[in-house]
Each structure stands twice: as C-alpha cells, then as structure tokens.
There are 2 protein chains.
Amino acid sequence: MNSWQDSRAFLIDLDGVLYDDNQPIPGAAEAIAHLREKGCPFRFATNTTMRCRASLQRKLAGWGFQVSEDEIFSAPVAAAHYLRQQGQPRAFLLLTEDAQRDFDGLETTDQQPDFVVMGDMGDEFNATLLNKAFRLILGGAEFIALQKNRYWKTAEGLTLDAGPFVVALEYATGQQARVIGKPSRDFFQLAVDDLGVAPAQVAMIGDDIEVDVGGAQRAGLKGVLVRTGKFRETDLQSGIEPDGVIHSIADLVEYVK
Amino acid sequence: MNSWQDSRAFLIDLDGVLYDDNQPIPGAAEAIAHLREKGCPFRFATNTTMRCRASLQRKLAGWGFQVSEDEIFSAPVAAAHYLRQQGQPRAFLLLTEDAQRDFDGLETTDQQPDFVVMGDMGDEFNATLLNKAFRLILGGAEFIALQKNRYWKTAEGLTLDAGPFVVALEYATGQQARVIGKPSRDFFQLAVDDLGVAPAQVAMIGDDIEVDVGGAQRAGLKGVLVRTGKFRETDLQSGIEPDGVIHSIADLVEYVK
C-alpha cells in the first residue's frame, strides 16, 4: 500500500485548513504554490454553502491564495452538477443569494419544483422559508441537502450549520435528504473525476475527522487530518484512523517532493 | 378488563377533538357539559404550546365551551410544574410571549440558565434565537422540549410544529431533549395525578394515534381515537390498537351514562 505522501493529487478543505477565524493559516499559501510548482493537481473540496465559487475565489485571492474558480469544488457546485445530470429540472433553492449563482442556468421556482435544495443560510433561515420547503417536499419535490454539518465557528462563536435545518425538515416530512456534499461518496467521486486521477491516488486533507477523513476513506481515497481548525486531540480516539496527521497544510511543502 | 366507557375520568385533546380548522366540532360543547353534569372529572390535555392556559380558556369560552383554567393541562403548564419541582431554576424560554405567562414567577434569563425550554413559536422561530439556545445548551443548560410534534394544520396548510426545531437542536448539540408534553409518560402521570384517579380508570380522547392513543396506553391509561381532526383511516393499521374509536367527541353523550 502506498502512503499518502505518494498521492498524485489532493483534495483540500478550506475552512480550518487554508484559513481559520477569518485569517489565513501561516504557510498555507506557500503550500498551495508548492503543489502547483510540482505539477500536482488539487481541488478545494469544501462544504461551505453560503458563497458561490466566484465569491470563494475572490475571498481566497484577498488572502494571497492563487486559485482559479475551476479549482474550487464546493457542495453547491457538486449539487448544480448533479441537477444538470437530471435533465432540465426545476428547483427551489434554500440558499443565500450568493450561493445561488452556482445554479445559473437552472430554472428556479417555488411552484411544484422537482427538487428542494438546501444549504446553510445563516441568519436568513426563518420559519416562513422552512414551511415553504416543507410543503414543497410533501408535495413531491426531492429533497437535496448540500451538507449536514452540525455547526461551525464564526465570530459569534459556534454557530448552527445547514445540518440542523436539514434534519428538521427530514423529521417533519419523514423523508431523508440526498446529501450531495461531504461526506457523501458521490461528492468525493465527482471531485476525483474532475481531477482525472484514481481515488486511491488522491489524499483528502481536512480538519474534520468524520466528514473529511472518514468520508474520503469510505470513497477509497486517503484521509489526512490537520491539527488546525476544529481539530481536537480526542479526534484521534474517534475510531477513524487517518492515513496521516500533519501539523498544518504548511507541512505539504515538506512531504510532497 | 373494564372497557373505556367505564372510565371514571377523561383527558381530552383540544385541536382536532374540540375544534378543527378554527371551528368547534359539532356537539363538542354539549359533550363537555354532559361530562360536567354527570360529575365526571376531566382535563384538557394538549400539546398546544403557543398560548398560555388563560389564553386557551378565553379561546374556548369564545366557542361556547364552559371551561375553567384549572381544567386545562397543557404542555407549558406541565413544564412549569416540572421546573418548580427543581427548586428555583433559571430558564431561557423559547416560547411565544403568550405561552411564557404559564411560567410567571420563574426566573428567566439568557445568561447561563439551568434550563432551555422550547415550544412552538410559529413564525417567530429564527436562526438568531436557535443559535442562542444552541450555545446555552452547549454551555450546560438542560434542554426541555414541550413536545416534538412534527406538524399541524393551520390556515396556511400543514405547518411545522415544535418537533422539527427541537430535533434540529438535538442534532446540533448531540443532546436529547427531555420531552414534557404528550406522549411522555411524565405528562400523563402529572395529568392523572391532577385528576386524582388511577391511570387505568382514565381514558385519553384524541385524534393522534401515536401521541394521544399510544402515549396514553404506555402510561397505563385507556386510549380512545376520534375520527375528526388529523384522523386518517390508515391510523387503524398503525399497529396501535385504540381501546375505542368514536365518530367524534359528541359521542360521549351516548357512551358516558
């Protein structure tokens, strides 16, 4: 078995790996530049669902990361890809206005849509919107969740992510959402297809032992845990064994020759 | 085994049993008057959590129901009772202003409360409030849910009840709420204590096969299903066998001699 250092390509989480607490992780930009220099392909595999790809690219550029839009493989991008594979579906989007831009070209409606697509809306979540989605799902729309993350870290502290709201509608409707983001196998497969490399030769680098490491491993990839972001020492006793544990993304300069 | 008609006291659900679609059920007021005439004690056992007892009493009086506040045993009343048994706790109430009146005399706070108490807030639910409750539960407050009903019928159609929002916070915090309303055993026991009659001699009359009939039976009461409100024929194949099925609450005039 080859070790993760021999990977031919990388999937890299954003929040907690490239940046944390709204600041870039020291050495992260250099690590990305190093991968590019070595001709090692990568995609940013993120469950961030509040921004579209273009908006994420601008945010990263502002921190000095040289990244193209095509290198960002987010849950909204994956979901838009999935929807386009279903013909010409009509969708109701429970997404921020920013994230909705990844769905340009798809018909959106709140009248008998084929799909209800839900991501994190932050402070914009309210009972009126949730009731609308609830009734559309009862009316026959398929329920798509961009992710089911429990919470994330914001300036106000730990903050509800999309997961609790997805679970609320699952409970109310009695229907399980199809999850498109990490840790779904579909997500990793779509990302790996985009890289054009076999799963076993790709390492996912993330700060979430379950979603990043566990999810990647179940899809046949390597899973590498960083000690930044939401990492806690107890993650190492979670029953999921990472293929590698590194101090931070900056270490890639050392490991990828 | 005695039949439900021999019950010495009754618990009676409100929504779907006494009224439906914002109109009293025909014959319901007469049935309540009949019970009173026969000296048969009863309590209104309801998971309605948006109104306090006094407000419910006024609503019922407006429809011609002769009811005293003490005869209303709602989930907020049961929860306030439970909290008072815990000494002098401080609570954060995720409740409508109206429902909060049942908690008069208890100290409420959003600074390190002992309990977070959650009921249905209808259109007032929003991400800011849910995040506040989320952080307080993570900070050590015990999570109390007045009920976990999935949805109910309003003028706008089927509408999310408290349950989906309770489940959202359970998922986010990893902690199960203590449910105080129906179908919890505590609720039926508290209501039966209030009646001063042994559980086996009390029949619960409701339109929810799981919450009313199943819950009552698990607590040692009889469970009687009405064919009004949310009743569907398929309820009779749910695996829960009611002790009786009646056309509507109006039938009590015939059965209770």
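Here, each number is a calculation from the coordinates, and none is a lab measurement. Just so it is clear, the structure is predicted and the values come from calculations on it, not from any experiment. Cβ coordinates were reconstructed from backbone atoms using ideal geometry, including for glycine residues, and neighbour counts include every protein chain displayed.
Points worth noting:
- Stokes-Einstein translational diffusion, the protein assembly as shown - Kirkwood Rh over all Cα pairs, 1.306 mPa s, 10 °C, in µm²/s: 63
- Spatial offset of region B:121-193 relative to region B:2-25 amounts to 24 Å, using the alpha carbon center of each.
- Using θ = phi - 60° in the Karplus curve 6.51 cos²θ - 1.76 cosθ + 1.60, the 3J(HN,Hα) couplings for region A:141-154 round to 5, 7, 9, 10, 10, 5, 5, 10, 4, 6, 7, 8, 9, 10 Hz; x is entered for Gly and Pro.
- Sorted by Cβ neighbour density within 10 Å, fewest at the top, the residues B:VAL213, A:VAL211: A:VAL211, B:VAL213
- Evaluated at q = 0.17, 0.25, 0.31 Å⁻¹, a Debye calculation over the C-alpha positions of region B:134-181 (equal weights, vacuum) places log10 I(q)/I(0) at -0.51, -0.86, -1.11.
- Relative to the other identical copies, A:THR108 shows label-point distances of 3.6 nm, where the label point lies 7 Å from Cα along the Cβ direction and values run shortest first.
- Near the amide H of B:VAL245, within less than 5 Å, lie the amide hydrogens of B:LEU225, all on another chain or at least 5 residues away, with H placed in the peptide plane.
- log10 of Debye I(q)/I(0), alpha-carbon scatterers only, for region B:87-179 at 0.10, 0.20, 0.24 Å⁻¹: -0.24, -0.95, -1.31
- In this structure the amide hydrogen of B:ARG90, modeled in the peptide plane, comes within under 5 Å of the amide hydrogens of B:ASP114, B:PHE115, none closer than 5 places in sequence on its chain.
- ³J(HN,Hα), Karplus 6.51/-1.76/1.60, whole Hz, each residue of region A:43-59, x for Gly, Pro: 9, 8, 9, 10, 8, 4, 10, 8, 10, 7, 4, 4, 5, 5, 4, 5, 4
- Region A:28-77: chymotrypsin sites (Phe, Trp or Tyr not before Pro) in DSSP coil with no more than 11 other Cβ atoms inside 10 Å: none
- Average other protein chain Cβ within 10 Å of Cβ, residues B:119-129: 4
- Pairs beyond 19 Å (Cα-Cα), from A:LYS148/A:LYS182; A:LYS182/A:LYS222; A:LYS38/A:LYS257; A:LYS38/A:LYS230: A:LYS38/A:LYS230
- A simple spin-label model places pseudo-atoms 7 Å from Cα toward Cβ; at A:ASP70 and B:GLN88 they are separated by 7.0 nm.
- Note on B:GLN23 and B:LYS59: the extension gain reaches 11.9 nm, defined as 0.36 nm multiplied by sequence separation minus the Cα-Cα distance.
- Which of B:HIS34, A:HIS247 has the fewest Cβ neighbours within 10 Å, and the rest in rising order: A:HIS247, B:HIS34
- Backbone phi angles across region A:111-126, fed through the Karplus curve with coefficients 6.51, -1.76 and 1.60 (θ = phi - 60°), yield HN-Hα couplings of 10, 6, x, 7, 9, 10, 10, 10, x, 6, 10, x, 5, 7, 4, 8 Hz in residue order; Gly and Pro are listed as x.
- Note: chain B, Cα convex hull, 125 Å³ per residue.
- The value for region A:211-257 of Rg(Cα) / (2.2 N^0.38 Å) is 1.15.
- Distances between copies of B:GLU142, taken at a point 7 Å out from Cα along the Cα→Cβ vector and listed shortest first: 4.5 nm.
- Per-selection metrics, region B:146-257 (Cα): Rg and Dmax in Å: 15.4, 51
- Neighbouring Cβ atoms from other chains, within 10 Å of the Cβ of residues in A:150-158, number 3 on average.
- Cut-off under 5 Å, modelled amide H: who pairs with A:VAL179 long-range: A:ALA145
- When B:ALA33 is represented by a point 7 angstrom out along its Cα-to-C-beta vector, the spacings to that point in the other copies are 8.8 nm, nearest first.
- Residues B:ILE205, A:ILE137, A:ILE12, sorted so that the one with the fewest Cβ neighbours within 10 Å comes first: A:ILE137, A:ILE12, B:ILE205
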